[in-house]
């Protein structure tokens with residue numbers, strides 16, 4: 001053969017491979033998973049990444065004849081990064097879903113891209129009410145702050161707590177938490193005796209806690225970013241607020257399962273309202289916790305559950321569309337979907353595409369030498385009450 | 001009235017903590033004229049070493065504290081001999097760029113090794129809670145901080161002003177050429193001083209974990225506090241940063257208690273007012289070099 005024919009053969013082979021590639025690509029469903037894997041929110045990212053891996057191990061990586069491929073990107077919870085990564089994923093990698101989003105600004109930054117590209121955006125962590133209103137392609141499997149804060153407000157007013165001092169971090173989620181709590185607690189006849197907003201980067205809670213103590217409330221309502229909860233609880237006990245009979249109440253973020261044991265006995269007796277506890281007494285949860293512990297040598301927290309249900313939602317939607325990856329068809333398939341999650345029964349509200357779930361009132365107790373949030377009351381099928389468009 | 005004393009007590013404890021954390025920086029910045037923004041990284045190292053020893057290896061807290069000092073100092077010597085000494089004669093901008101780079105590397109390294117969650121050191125039961133002293137709530141842990149930091153300040157002041165090493169250091173700082181002509185081993189003096197400053201930071205890091213919390217972002221989060229202490233205190237002595245720490249500690253705690261809405265700004269307001277009044281800090285002298 002001449003050199004010329006060699007070249008022709010090579011070109012022919014190359015053309016054949018190129019021609020085959022798109023056919024192969026169509027058999028793959030790509031999920032762009034954007035999470036904070038570094039930075040202050042990294043524990044959120046790690047929990048969700050773990051949960052997604054776990055679900056795919058348990059359920060295989062083929063759905064409706066298609067192979068599922070997850071592309072993980074780290075945005076360090078910086079919205080500019082999120083936007084750039086979402087764009088790259090949608091335009092270059094041609095992903096069929098974008099998912100993850102550790103914080104509200106990150107979820108919002110990706111919203112216009114989801115709308116333009118008609119790509120479903122599955123929010124697995126961020127918790128501000130407005131998120132699902134920013135694009136018809138957003139579906140949420142985590143929670144909203146309004147869900148837990150209104151419930152704890154109602155519960156406190158009905159359970160003998162008359163006077164409450166509030167301590168919340170001075171940023172959007174903190175102010176949301178405060179307002180939703182206040183609205184329901186005062187409507188139920190409660191009184192706010194002291195309202196303190198602490199700076200987000202707050203090193204020492206001592207002066208704020210002293211103020212709480214001096215205002216002599218029945219309970220302190222607290223919402224601080226995950227991580228600071230431990231500092232708060234330790235200093236709360238150091239200052240003897242527990243001995244003064246002042247309870248701690250709040251949404252469950254402060255008492256997340258992956259922080260709880262680090263807080264020590266100071267956390268005992270804290271009552272919070274939340275969507276998930278590793279101690280949730282259902283068969284589905286026992287199985288989930290055992291599998292998670294076995295795979296990652298850690299307890300799953302509520303962020304892990306958000307990720308676990310998020311990937312499940314994607315799997316189920318693909319089953320329903322028969323593997324079709326058209327954005328509108330997928331969103332239509334997700335609306336109204338119901339299943340039994342490790343956290344209990346959940347569904348996707350067909351109107352708001354937000355999650356509807358049980359909110360549990362829990363108390364920190366010692367079980368087998370470890371601290372757990374033990375659930376003792378349930379508010380069923382709670383919708384997000386924080387939507388601006390009714 | 002008793003509340004006032006409780007606030008004062010908390011403020012003093014917080015100020016003392018700031019002082020131990022920042023005084024190493026006052027030494028390198030003020031005495032050695034070297035801008036070490038990686039100071040917080042040494043504090044973080046001390047904190048993590050103490051936490052690992054106490055939580056994982058079961059060391060008693062009070063045995064782990066000196067080790068936090070020694071290890072942070074050892075890391076200091078190592079870095080000083082290999083990296084820092086090449087930058088003594090370089091411009092302040094080079095020093096800032098180098099040390100801030102080092103800070104980011106330490107953040108990433110600790111994040112990788114220890115994970116990003118905040119950790120706590122398991123304290124002995126004797127240090128937990130408050131006791132009542134004439135109606136004033138005295139936190140046991142905070143009292144311990146005041147005692148340790150008070151003794152340390154006294155020792156530092158004596159070392160600098162009364163010992164042979166102190167005078168050598170001051171000579172080496174004022175004029176390195178003449179000092180080495182007199183037979184003082186200037187690089188050695190600097191290395192030792194730098195290591196001591198890092199050790200203090202390490203001890204401060206270990207002590208502060210309980211109150212400030214410990215995570216990989218520690219050096220970045222508290223850099224501003226170290227700098228404020230040194231700026232307000234002036235950098236020609238130990239007394240300046242000490243009084244500045246107390247003033248800022250009490251101001252910060254009292255501000256947050258009495259005017260919580262203004263809380264975080266009190267410390268900056270104090271700084272601005274002092275710097276307008278005395279641009280070189282409370283005990284500053286006009287720049288020597």
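Each reported figure results from applying straightforward, stated rules to the coordinates on display, with no laboratory input. Everything numeric here is computed off the predicted structure, so don't read it as measured data. Every residue, glycine as well, gets a Cβ built from its backbone with ideal geometry; the counts of neighbours run over all protein chains shown.
Going from the fewest other Cβ atoms within 10 Å to the most, the residues A:213, A:363, B:256 appear in the order A:363, A:213, B:256. Using a cutoff of 8 angstrom between alpha carbon atoms and counting only pairs six or more residues apart, the relative contact order for the stretch A:60-133 works out to 28 percent.
Placing R0 at 45 angstrom, the Cβ-Cβ distance between residue B:259 and residue A:385 gives a FRET efficiency of 0.85 after rounding to 0.05.
Can you tell me the mean projection area, over all orientations, of the convex hull of the stretch A:118-230's alpha carbons? Units nm², please.
On the way: hull surface 31.7 nm².
Answer in nm², one decimal: 7.9.
Using a Förster distance of 56 Å, how high is the FRET efficiency between residue A:335 and residue A:171, based on the Cβ-Cβ distance and rounded to 0.05? Let's see the in-between values first.
Details: r = 32 Å, r/R0 = 0.57.
Working from the Cβ atoms, E equals 0.95.
Taking the C-alpha atoms only, the angle from helix A:302-321 to the longest principal axis of chain A is near 40 degrees. Expressed to the nearest 5 percent, the antiparallel share of DSSP beta bridges inside chain A is 40 percent.
Rounded to a whole number, what is D in µm²/s for the stretch B:115-174 from Stokes-Einstein with the Kirkwood radius over alpha-carbon pairs (25 °C, 0.890 mPa s)? Can you show the working numbers first?
Working: Rh = 15.0 Å.
The diffusion coefficient I find is 164 µm²/s.
Just want the ordering: A:143, B:134, B:218, B:165, from fewest to most Cβ atoms lying within 10 Å of their own Cβ.
Details: A:143 29, B:134 7, B:218 25, B:165 14.
Ascending Cβ contact count within 10 Å gives the list B:134, B:165, B:218, A:143.
Normalised by the number of residues in chain A, the average gap of Cα pairs under 8 Å and 6 or more apart makes the relative contact order 16 percent. The three principal axes of the C-alpha atoms in the stretch A:34-73 carry coordinate ranges of 39, 17, 9 Å, sorted with the longest axis first.
One equal scatterer on each Cα of the stretch B:1-150, no solvent, Debye formula: the resulting log10 I(q)/I(0) at q = 0.12, 0.15, 0.17 Å⁻¹ is -0.64, -0.92, -1.08.
Each 5 Å bin from 0 upward holds the following percent of the Cα-Cα pairs of the stretch B:194-289: 3, 12, 18, 23, 21, 15, 7, 2, 0.
Run lengths n ≥ 4 of DSSP H only: what is the helix-derived mean residue ellipticity at 222 nm for chain A, with -39500 (n - 2.57) per run over all residues, to the nearest 500? Let's see the in-between values first.
Numbers: 12 runs with 168 residues, N = 390.
Mean residue ellipticity, 222 nm, calculated: -14000 deg cm²/dmol.
Run the numbers on chain B and let me know its relative contact order in percent, using alpha-carbon pairs under 8 Å that are six or more apart. Taking the mean separation of contacting Cα pairs over the length of chain B, I get 37 percent.
Taking every alpha-carbon pair in the protein assembly as shown and binning the separations at 20 Å intervals from zero gives 17, 44, 29, 9, 1, 0 percent.
If the convex hull of the alpha-carbon atoms of the stretch A:256-390 is projected onto planes in all directions, what is the mean projected area in square nanometres? Working shown, then result.
Values: hull surface 38.6 nm².
If you wrap the Cα atoms of the stretch A:256-390 in a convex hull and average its projections, you get 9.7 nm².
Take residue B:2, project a point 7 Å from its Cα along the Cβ direction, then tell me which residues of the stretch B:134-168 have their backbone nitrogen under 14 Å from it. Residues passing the 14 Å test: B:134-139. Full extension of the chain segment joining residue A:193 with residue A:320 gains 40.5 nm, where the gain is 0.36 nm per residue of separation less the Cα-Cα distance. For the pair residue A:265 and residue A:53, what calculated FRET efficiency results from E = 1/(1 + (r/R0)^6), where r is the Cβ-Cβ distance and R0 = 25 Å, to the nearest 0.05? With R0 = 25 Å, the Cβ-Cβ based efficiency is 0.15.
Of all DSSP-defined beta bridges confined to the protein assembly as shown, some 45% are antiparallel rather than parallel.
Computed over chain A, the range of Cα coordinates on each principal axis works out to 95, 42, 39 Å, biggest value leading.
Only counting other Cβ atoms within 10 Å, I'd like B:98, B:226, A:101 sorted with the fewest neighbours first. Spell out each step's value before the answer.
On the way: B:98 19, B:226 26, A:101 37.
Fewest to most other Cβ atoms nearby, the residues stand as B:98, B:226, A:101.
Normalised radius of gyration (Cα atoms, divided by 2.2 N^0.38 Å) for chain B: 1.00.
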